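Comments concern the structure below.
Since every read-out is calculated from the coordinates, none of them should be taken as a lab result. As the structure is a prediction and not an experimental result, all values here were calculated from the model. Neighbour counts are summed over all protein chains in view; Cβ atoms, including those assigned to glycine, are modelled from backbone coordinates with ideal geometry.
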Amino acid sequence: NSDITVTYTYTANAAGGEPVVLATKDAYSITGFIRPAGTTSDNDTYRMTDYINIAGYSQLIVHTDPRTASVSPAVFFNASKEYISGYTAETIEEQDFTIEIPEGAVYVRSSTVNANTSLKNCSIKGIV
């Protein structure tokens, strides 16, 4: 009879697992918004996130309220924080946007309208 040691390795959101919360409403702390082209605008009507690390994920579920196609729910950057691409919402009301992460993306930034009801529900979740 011998002793057996078993080591478990946990991978966040392994295939079929629940999405992992990467950011909540508190991350939307910067006044202004980010456009799908990666440029920002200082505007009291909106809030945006700083760079959020998304390395290791293939999709995001971003719950936000862009209110206009000029405001992006997700803009992607590489490890050097250089712009890769931005997502343009087809519908512009508060909802979950499921977005494929482009190759080479390590960071995302997101925007939402600065309305109490919209802002309190904001989140970014990663899917492996």
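Figures for the structure shown
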quantity	calculated
Amide H within-cut-off set for G32, under 5 Å, with H built and near neighbours excluded	N43, Y46, R47, M48
Computed label-point distance, nm, for sites N43 and E18 using a 7 Å Cα→Cβ extension	3.5
For mean projected area of the Cα convex hull in nm², calculated from these coordinates, the label among (i) 10.8; (ii) 9.8; (iii) 12.4	(ii)
Rough spin-label spacing in nm, given labels placed 7 Å along Cα→Cβ, for K81 and K120	3.2
For the chain, size of Cβ-based charge dipole, Lys and Arg +1, Asp and Glu -1, in debye	200
Under 15 Å from K81, Cα to Cα: aspartates and glutamates that are on another chain or at least 8 residues apart	D50, E103
Sites T31 and A55, calculated FRET efficiency, Cβ-Cβ separation with R0 22 Å, nearest 0.05	0.20
